[in-house]
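Everything on this sheet refers to the single structure shown next.
The values are calculated or read from the model by the stated rules, or taken from the named source; none is laboratory data. Quick caveat: nothing in here was measured; it's all calculated off a predicted structure. Here the Cβ positions follow ideal geometry from the backbone for every residue, glycine too, while neighbour counts run over all protein chains shown. What goes into the accessible areas is simple: the full protein's heavy atoms, side chains included, and nothing from ligands, DNA or RNA. Shrake-Rupley method; radii C 1.70, N 1.55, O 1.52, S 1.80 Å.
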Amino acid sequence: MPSTLHPNSPVYGLDFQAAYADHCFGLDSDVFEKLSDNASAAIGVTDASGGVLSIATGATSAADNDGCYLATKGEVIKMDHSFVLKSKFKYSEAGADVANVVAIGCMNNAAVGTVLAANGAGPAASFYGAMIYKVDGETTWKCVSSAGATQYIDDTGVTAASSELAGFEIQFEVLPGGAYGRFVFLIDGRVCTKATSNLNEPITHEVPLSGATEMNVLCGGQTGSAAEEVFYLDAIAFAVTT
């Protein structure tokens, strides 16, 4: 596992308990499901070396804010244990800066239309979870963590759209005492830093854990125009401490 800010973190050495990996396994319907609002939205294996999933918002009667996400069928993680979320993900936009994207994330009661709000408004105002995401009209990856209405958002300054698959990772650990937890965000194995800082200040969020509830693991996105968006997933996985 890549180095984080906390080399003694319990997230080191975790066995991944569930994963959609690569090599043409397709969608494991016992673990993951499609969240979408356009009847033509689809998830399937696309032509690519090793096998890659396509997550398509739907081309038939495509409309602004159509969404399609791959999510765990159950709420499988909670902020009472340390955990890691990982994906290998890419996309290309239907128009200039119009896609709304979650490269990796977790959220309670995940549903299309609530993961990211309409018209580039970003993550829901109140939820439990965290995401690495990008919204309509913007060009860089952002990191959000949320414990109910207590939210922290930071811009990484890392350009979002790319022709190459990139690695995304969110690490979470329960802090001593159990009242707070800490999120750390990584892209391609490097801890994300604040775009607004001249000191390469790492993005870490400490959130209160009172009221924490179970969360789905997910990735995908939605349109920012009346044109289909397609996202590509080579791997997604999560692991939880016991």
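Of Val191, Val76, the residue with the largest accessible area leads and the full order is Val76, Val191 (1.4 Å probe).
Here the ratio of the Cα radius of gyration of the chain to 2.2 N^0.38 Å is 0.94.
Considering only protein heavy atoms and a probe of 1.4 Å, how much of the accessible area of the stretch 71-161 is carbon and sulfur, as a whole percent? Please list the in-between numbers first.
Working: 1410 of 3070 Å².
Ligands and nucleic acids excluded, carbon and sulfur give 46 percent.
Counted by Cβ distance under 14 Å from Ala41, the other residues give a net charge of -4, where Lys and Arg count +1 and Asp and Glu count -1.
Computed with a 1.4 Å probe on the full set of protein chains, the accessible area for Asp188 sits at about 100 Å².
Relative contact order, whole percent, for the stretch 131-242 stands at 20, derived from Cα pairs under 8 Å and 6 or more residues apart. The trypsin sites (Lys or Arg not before Pro) of the stretch 40-123 meeting both criteria, a DSSP state outside H, G, I, E and B (loop) and at most 14 other C-beta atoms within 10 angstrom of the site's C-beta, are Lys73.
Could you sort out which of Lys88/Lys134; Lys86/Lys134; Lys34/Lys194 sit more than 24 Å apart by Cα distance in this structure? Please list the in-between numbers first.
Details: Lys88/Lys134 16 Å; Lys86/Lys134 17 Å; Lys34/Lys194 32 Å.
Long pairs (Cα-Cα over 24 Å): Lys34/Lys194.
For the stretch 99-120 and the stretch 214-242, what is the separation of their C-alpha centers, rounded to whole Å? Centre-to-centre (Cα) distance: 8 Å. The candidates Arg182, Arg190, arranged from most to least accessible area with a 1.4 Å probe in the full protein assembly, appear as Arg190, Arg182.
If you take the square roots of the eigenvalues of the alpha-carbon gyration tensor of the stretch 140-242 and sort them as a ≥ b ≥ c, do you get rounded (a/c under 1.5), prolate (a/b over b/c) or oblate? If you can, show how the numbers build up before the last one.
Values: a/c = 1.73, a/b = 1.39, b/c = 1.25.
Prolate shape, in that a/c is at least 1.5 and a/b is the bigger ratio.
Under 8 Å for C-alpha pairs, at least 6 residues apart: give me the relative contact order for the chain, rounded to a whole percent. Before the final figure, lay out the partial values.
Details: 674 pairs, mean separation 75.9, N = 242.
Relative contact order, the chain: 31 percent.
Using r as the Cβ-Cβ distance of Ala179 and Glu201, and R0 as 25 Å, what FRET efficiency do you calculate, to the nearest 0.05? Display every interim value, and only then the final one.
Numbers: r = 24 Å, r/R0 = 0.96.
Given R0 = 25 Å and the Cβ-Cβ separation, E is 0.55.
Looking at the chain, the accessible area is 41 square angstrom per residue; that uses a 1.4 Å probe and ignores ligands, DNA and RNA.
Here is the size of the stretch 77-179 from its Cα atoms: Rg then Dmax, 14.0, 48 Å.
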